Each structure stands twice: as C-alpha cells, then as structure tokens.
Amino acid sequence: MKRSAIKQHIIETASQLFYKNGYNLTGINEIIAEAGIAKATLYNHFKSKEDICIAYLQHKNHTFLKDIRTFCKEKEGGTAQLLGLFDFLQAFFKDRDFNGCWCIRTVSEIPRENERIRGEIQGQKVGLIGFIRGLLEENIAGLSGEEQDLLSRQLYLLYEGAVAESHLHQSDWPIQSARAMCSKLLN
C-alpha cells in the first residue's frame, strides 16, 4: 500500500472508532489492531493521538461539507435549499451509525486547555456558518450583509440543536421542529 493510502486507512479506521466509541475510550492500540498495522506504521504517519484526532475531525468535516453541499444544491432554489439542511440531517439521522455531532462529542472529551482540537472544531463550525450564509446569499434576495450574518447564525443554531437533541432523544422530532422553525424564519 502507498504511504498516502496507509495514512488514509488509519484516518478512516480511527474515524470509525472515535465516532462510535468516543475519543477518550479509543486507544492507540485499538486503532492499530483495527487497522491491521504495526505501531511503528502508525507513528510513521502520526506523532500523537491528538494528531490522529485532528485528521479525524478534518476527514469527517470534509466528507460532511461535500455531502451537504451536494444535497442542498440538488434542491430547487430558494428556501428549499436552506430547508435542505434539515432534510440532509433527517437522512443522516436515519443512518444506522448516527451518533450525533462528531465535533461536540470530541470537544466534550478534551480538557478545556486543549486549544488545538478546540480550535479545529471552532474552525469547522465557522465553516458551516459560512456555508449556510452562502446558501442565504444565493437563495434569499434582499437581505443585507448584517441580516445574512444574523440569519446564518440562527439557522446554524437550529441545525446544531437538532443534531444534539435528535441524538439525545433518539427521535427525529427535533429535526422536524427545527425545520419548521427554519421555514418560519425564512418567510
């Protein structure tokens, strides 16, 4: 296997384990065993568990943004693309492996002082707000920049709340409720 393929295999393996079991409950030896690699191979690609965590967060975010962007853009223009955020979440919730937000799960497990992981997660969340703002710019006419900023943050909070609460309650009613609230905000 090429070096880049081995690294990607480690990231995908760690991603599955971190998302399923949590960051703290997933040990380096478990990643090594699950990936079927030697310890030296893992440390050839990553200096620490924290480095693997950053790669995991980036991998999940890249896949998420690509998938949600494609999903929303396939919707008819206007409010349908913004409501698509919640339609996407509904489909994600129905996935048998749904385990809530990987960022929130991870940040809840790290010490407050871990600025590197926290910074990565904050950056990803700012990116999601930016994506939502882009959808607003493209689909809702007549909003000032300030209104776009405010509304994008509001829709982000609805989305994030729906993720957390659907995971907590193991039900999709929070997603449906957030979608209905989004629809009211956009009308």
- Ratio for the chain, C-alpha Rg to 2.2 N^0.38 Å, reads 1.13
- Query: Kirkwood Rh over Cα pairs of region 72-168 into Stokes-Einstein at 4 °C, 1.567 mPa s: D in µm²/s?
  - Reply: 89 µm²/s
- Hey, how many Å between the Cα centroid of region 134-163 and the Cα centroid of region 169-185? 16 Å
- Task: Identify the trypsin sites (Lys or Arg not before Pro) of region 11-90 meeting these criteria: DSSP loop state and at most 12 other C-beta atoms within 10 Å of the C-beta.
- Result: Lys47
- Item | Once exposed loop GluC sites (Glu not before Pro) are cut out (DSSP; at most 16 other Cβ, 10 Å), longest piece of the chain | 114-187
- Keeping the other protein chains in place, figure out the carbon and sulfur percent of the accessible area of the chain, with a 1.4 Å probe. 51 percent
- Message: Per residue, how much accessible surface does region 42-134 expose to a 1.4 Å probe? Answer in Å², no decimals.
- Response: 50 Å²
- Query: Counting each DSSP H run of 4 or more residues in the chain as -39500 (n - 2.57), what helix-only mean residue ellipticity at 222 nm follows after dividing by all residues, to the nearest 500 deg cm²/dmol?
  - Reply: -25500 deg cm²/dmol
- Task: Might you tell me the accessible area per residue for region 147-187, computed with a 1.4 Å probe and given in Å²?
- Result: 56 Å²
- Between Ala33, Gln58, Phe93, whose Cα lies farthest towards the positive end of the dipole of the chain when Lys and Arg beta carbons carry +1 and Asp and Glu beta carbons carry -1, centred on the Cα centre? Ala33
- For region 53-58, Karplus couplings with θ = phi - 60° (6.51, -1.76, 1.60), whole Hz, Gly/Pro x: 4, 4, 4, 4, 4, 5
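The values are calculated or read from the model by the stated rules, or taken from the named source; none is laboratory data. From a predicted model like this one, the values you see are computed outputs, not experimental measurements. Heads up, the Cβs are rebuilt from the backbone with ideal geometry, glycines too, and the neighbour counts pull from every protein chain shown. Note: areas computed on protein heavy atoms with side chains; ligands, DNA, RNA excluded. Shrake-Rupley method; radii C 1.70, N 1.55, O 1.52, S 1.80 Å.
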